[in-house]
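Let me begin by presenting the structure, written as structure tokens, before commenting on it.
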Amino acid sequence: MLDDFLVRAALAGLGTALAAGLLGCFVVWRRMAYFGDAMAHAAVLGVALSLGFELSIFAGVIVTALAMAFLFLSLTGQGQSADAALGVIAHGGLALGLVAVALIPGQRISLDSYLFGSVLTVTRLDLAIIWGGAVIVLFVIWRHWQSLLTATLSPDLAYAAGINPRREELVLTMMLALVVAVAIKVVGALLITALLIIPAATARTFARTPEGMAMIAIGIGGLSALGGLQMALLLDTPVGPSIVCVAVACFMIATISGKLRA
Amino acid sequence: MTLLSAHNIDVSFGGRHVLQRVSLDLNAGEIVTIVGPNGSGKSTLLRVLIGAQTPGAGQVARTDGLRIGYVPQKLAIDPTLPMTVRRFLDLPVKVSHADAVQALETAGLPDVGHQQMASLSGGQFQRVLLARALLGKPQVLMLDEATQGLDQPGSASFYRQIEAVRRSLGCAILMVSHELHVVMSASDRVICLNGHVCCEGTPEVVSAAPAYRELFGTGTGGALALYRHEHDHYHSHDHDHSHDHKHEAAE
């Protein structure tokens with residue numbers, strides 16, 4: 001079954017949507033959209049370094065994404081606004097990555113598949129990494145769910161309950177790096193944030209509790225992944241952007257139906 | 001029994017001293033109120049006590065496994081985060097339905113569990129925060145300007161609820177307020193804070209203390225009278241008598 005590239009693509013899309021849908025809720029609640037974006041853009045530098053030093057792309061992306069997160073923390077600690085620091089990191093990382101790839105000796109390497117994704121070329125190993133990463137994200141978020149929610153509502157409430165909100169934030173940052181690494185092959189660095197934000201924002205219209213929102217976001221993410229793949233096959237369009245287009249369509253339908261119900 | 005004690009706490013932000021050599025003890029079952037003008041470090045002191053702010057110097061000692069119920073000044077729930085009252089009460093630990101209903105009742109609310117937090121009025125919201133804090137069976141309940149944004153009858157009724165909670169749960173209560181006249185009458189001890197501890201003692205002692213009057217003016221004496229016997233009020237206006245009174249109350 002896994003010999004079929006379409007089956008592999010569908011499974012890769014589902015695995016990514018699962019992890020991104022769940023984590024995306026926290027990204028929306030904590031207003032970390034731009035933070036996720038900066039990590040994803042910086043991941044391009046990770047890809048370039050991995051290609052240059054012939055390392056695993058997965059590991060290279062995780063390490064660079066985490067390095068960018070810590071760089072962000074130290075920059076904002078020194079009086080830069082979060083907004084400006086993220087702008088420097090996002091575009092600095094992207095530009096450095098594009099330049100670094102051009103400097104790699106030998107034949108020219110195209111970064112296109114990492115910028116826009118290439119889910120149709122996913123190998124069995126990629127699939128194992130994607131699902132491995134997704135399972136880790138689901139497990140860690142499930143274990144930390146109550147503490148993460150409390151810390152998201154108010155760091156002070158967390159402290160008073162003996163929860164360290166900084167630790168929870170660190171957990172979330174690490175999971176975000178993992179999702180970026182998992183999703184880069186599927187939707188590409190430029191559109192990863194879409195997969196985090198859009199399903200969660202769509203789910204908000206229908207949800208009454210955080211858990212409900214997470215479940216709906218995961219469902220919408222999965223639907224977008226399969227729908228986008230289908231659309232790409234029918235219209236011969238790139239898969240990553242097609243997935244995001246389906247997600248946006250879900251968002252619009254949800255928003256309009258929400259308005260009608262109100 | 002001392003549940004919580006802070007010793008010589010110093011906190012400064014960017015060279016500005018917010019707290020200097022502040023010490024405080026909280027004993028089981030007592031109600032202590034911290035009063036002070038805006039920017040006097042009241043909220044910072046509470047944040048030091050719950051562990052949210054690391055002091056530059058000084059120590060905080062708590063009894064082992066001390067359960068703290070914290071009611072923040074305000075809680076802004078991001079509009080993207082759907083949250084029913086019932087779900088909120090389950091943070092950070094899941095509670096039974098019966099316990100949740102009981103806590104809401106203790107906090108003076110009917111069963112509003114199915115409602116969204118965002119749909120509550122200001123007074124209801126504060127009571128839900130109180131209910132959530134009570135569910136942890138706290139040994140210490142800390143309230144940071146918990147009635148900010150409530151009108152006077154609203155905050156008076158909120159504080160009556162607090163006294164009722166103390167009676168039924170027997171927990172110590174540490175609250176921060178600027179609504180002196182409402183809060184002081186319910187307190188066992190008052191600490192007047194302005195970066196450092198200006199004075200402390202029973203409400204009578206503090207309201208008569210020169211340091212307190214310097215910070216809040218004598219006008220509050222009149223406000224206090226609303227909740228005190230007439231003759232106390234006249235005493236506190238008379239300088240000599242107020243000294244006598246201070247000694248009496250301190251004994």
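Tell me which residues, restricted to segment B:33-52, are away from chain A (no Cβ under 11 Å), touching a helix residue (DSSP H, G or I) at 6+ places or on another chain (Cβ under 8 Å) and open to solvent by 10 Å² or more (accessible area, probe 1.4 Å).
B:PRO37
Which one is farthest from A:LEU190 (Cα to Cα), of the residues in segment A:240-262 that are touching a Phe, Trp or Tyr at 6+ places or on another chain (Cβ under 9 Å) and either surrounded by 21 or more Cβ atoms within 10 Å (Cβ to Cβ) or hydrophobic (A, V, I, L, M, F, W, C) (or both)?
Ranking the candidates gives A:ALA254 first.
Say we look at segment A:10-56 and pick out the residues that are among the hydrophobic types (A, V, I, L, M, F, W, C) and outside any helix (DSSP H, G or I); which of these is nearest to the other protein chains (Cβ to nearest Cβ)? Let's see the steps before the verdict.
From segment A:10-56, those among the hydrophobic types (A, V, I, L, M, F, W, C) are A:10-12, A:14, A:17-20, A:22-23, A:25-29, A:32-33, A:35, A:38-40, A:42-45, A:47-49, A:51, A:53, A:55; that's our starting set.
Within this subset, residues satisfying the condition of being outside any helix (DSSP H, G or I) are A:32, A:55.
On the way: A:MET32: 11, A:LEU55: 37 Å.
Restricting to residues being among the hydrophobic types (A, V, I, L, M, F, W, C) and outside any helix (DSSP H, G or I), the top hit is A:MET32.
Sort through B:VAL176, B:VAL128, B:VAL190 and tell me the only one that's over 12 Å from the mean Cα position of the chain (by Cα) and aliphatic (A, V, I, L, M).
Going through B:VAL176, B:VAL128, B:VAL190 in turn, the sole match is B:VAL128.
Among the residues of segment B:53-71, which ones are within 14 Å of chain A (Cβ to nearest Cβ) and open to solvent by 10 Å² or more (accessible area, probe 1.4 Å)? Step through it out loud before you land on a result.
Of segment B:53-71, the ones within 14 Å of chain A (Cβ to nearest Cβ) are B:53-55, B:60, B:62-71.
Those that are within 14 Å of chain A (Cβ to nearest Cβ) and open to solvent by 10 Å² or more (accessible area, probe 1.4 Å): B:GLN53, B:THR54, B:PRO55, B:VAL60, B:ARG62, B:THR63, B:ASP64, B:GLY65, B:LEU66, B:ARG67, B:ILE68.
What residue, among those in segment A:202-213 that are crowded, with 23+ Cβ neighbours inside 10 Å and among the aliphatic types (A, V, I, L, M), is farthest from the other protein chains (Cβ to nearest Cβ)?
The qualifying residue farthest from the other protein chains (Cβ to nearest Cβ) is A:ALA203.
Yes/no matrix, rows are residues, columns are (1) out of contact with any Ser or Thr (no Cβ under 9 Å at 6 or more places or on another chain); (2) open to solvent by less than 10 Å² (accessible area, probe 1.4 Å); (3) not in a loop (DSSP other than H, G, I, E, B):
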residue: B:ALA100; (1), (2), (3): yes, yes, yes
residue: B:ASP111; (1), (2), (3): yes, no, no
residue: B:GLY154; (1), (2), (3): no, no, yes
residue: B:PHE158; (1), (2), (3): no, yes, yes
residue: B:ILE162; (1), (2), (3): yes, yes, yes
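Of the conditions (1) within 14 Å of chain B (Cβ to nearest Cβ); (2) touching a helix residue (DSSP H, G or I) at 6+ places or on another chain (Cβ under 9 Å), A:ALA183 fails just one. Which one is it?
All conditions are met except number (1).
When A:THR152 is evaluated against the numbered criteria (1) more than 10 Å from chain B (Cβ to nearest Cβ); (2) surrounded by 20 or more Cβ atoms within 10 Å (Cβ to Cβ), which criterion, by number, is the only one it fails?
Single failed check for A:THR152: (1).
Could you tell me which numbered condition B:SER185 fails, if it satisfies all but one of (1) open to solvent by 10 Å² or more (accessible area, probe 1.4 Å); (2) out of contact with any Pro (no Cβ under 8 Å at 6 or more places or on another chain)?
Of everything listed in (1) open to solvent by 10 Å² or more (accessible area, probe 1.4 Å); (2) out of contact with any Pro (no Cβ under 8 Å at 6 or more places or on another chain), B:SER185 misses just condition (2).
Go through segment B:113-131 and report how many residues are within 14 Å of chain A (Cβ to nearest Cβ), open to solvent by 20 Å² or more (accessible area, probe 1.4 Å) and not aromatic (Phe, Trp, Tyr).
5
Can you tell me which of A:ALA217, A:ALA225, A:ALA194 is buried (at least 22 other Cβ atoms within 10 Å of the Cβ) and within 14 Å of another protein chain (Cβ to nearest Cβ)?
A:ALA217
Kindly evaluate B:THR84 against the criterion of being touching a strand residue (DSSP E or B) at 6+ places or on another chain (Cβ under 9 Å), closer than 30 Å to A:MET215 by Cβ, at pLDDT 90 or above and hydroxyl-bearing (Ser, Thr, Tyr).
Criteria met by B:THR84.
So the check is Cβ under 7 Å with 6+ separation or different chains; which pairs have a first residue in segment A:248-259 that's touching a residue at least 12 places away in the same chain (Cβ under 8 Å) and a second one that's open to solvent by less than 40 Å² (accessible area, probe 1.4 Å) and not small (Gly, Ala, Ser)?
That search, which allows pairs on different chains as well, returns A:VAL248/A:ILE198; A:CYS250/A:THR202; A:CYS250/A:ILE220; A:PHE251/A:ILE198; A:PHE251/A:THR202; A:ALA254/A:THR202.
Being more than 14 Å from the chain's Cα centre (by Cα) and modelled with pLDDT under 90 narrows it down to one residue among A:THR202, A:THR121; which is it?
Of the residues listed, the single one that is more than 14 Å from the chain's Cα centre (by Cα) and modelled with pLDDT under 90 is A:THR121.
Return yes or no: is A:VAL99 over 30 Å from A:ALA203 (Cβ atoms), touching a Leu at 6+ places or on another chain (Cβ under 8 Å) and surrounded by fewer than 23 Cβ atoms within 10 Å (Cβ to Cβ)? So that I can check it myself, show each step before the final result.
On the way: over 30 Å from A:ALA203 (Cβ atoms): yes; touching a Leu at 6+ places or on another chain (Cβ under 8 Å): no; surrounded by fewer than 23 Cβ atoms within 10 Å (Cβ to Cβ): yes.
Taking the combined requirement at face value, the residue does not satisfy it.
Got at least one residue in segment B:94-108 being modelled with pLDDT under 90, within 18 Å of A:PRO210 (Cα to Cα) and within 13 Å of another protein chain (Cβ to nearest Cβ)?
No: zero hits.
State yes or no: is A:ALA183 modelled with pLDDT of 95 or more and under 20 Å from A:ILE141 (Cβ atoms)? Spell out how you get there, then give the answer.
Working: modelled with pLDDT of 95 or more: no; under 20 Å from A:ILE141 (Cβ atoms): yes.
No: the conditions fail for A:ALA183.
Sort out which residues of segment A:228-239 are surrounded by fewer than 19 Cβ atoms within 10 Å (Cβ to Cβ) and either assigned to a helix (DSSP H, G or I) or within 14 Å of chain B (Cβ to nearest Cβ) (or both), and write them in order of number.
Within segment A:228-239, A:GLN230, A:LEU233, A:LEU234, A:LEU235 meet the criteria.
Would you mention how many residues in segment A:164-203 are farther than 14 Å from A:ARG30 by Cα and among the charged types (D, E, K, R)?
Of the residues in that region, 2 qualify.
I want to confirm something. Restricting to segment B:188-211 and keeping residues that are of a type outside the set (D, E, K, R) and part of a loop (DSSP other than H, G, I, E, B), which single residue is most open to solvent (accessible area, probe 1.4 Å)?
So, considering only residues that are of a type outside the set (D, E, K, R) and part of a loop (DSSP other than H, G, I, E, B), the one most open to solvent (accessible area, probe 1.4 Å) is B:HIS196.
Could you tell me how many of the residues in segment A:60-92 are within 18 Å of the chain's Cα centre (by Cα) and open to solvent by 50 Å² or more (accessible area, probe 1.4 Å)?
4
In this structure, does B:THR80 turn out to be without any contact (Cβ under 8 Å) to a residue 24 or more places away in the chain, hydroxyl-bearing (Ser, Thr, Tyr) and either open to solvent by less than 20 Å² (accessible area, probe 1.4 Å) or facing chain A (nearest Cβ under 10 Å) (or both)?
Criteria met by B:THR80.
The values are calculated or read from the model by the stated rules, or taken from the named source; none is laboratory data. Please read all numbers here as calculations on a predicted model, not as lab measurements. Positions of Cβ are backbone-derived with ideal geometry, glycine not excepted, and every protein chain shown enters the neighbour counts. Heavy atoms of the whole protein, side chains included, go into the accessibility calculation; ligands, DNA and RNA do not. Shrake-Rupley method; radii C 1.70, N 1.55, O 1.52, S 1.80 Å.
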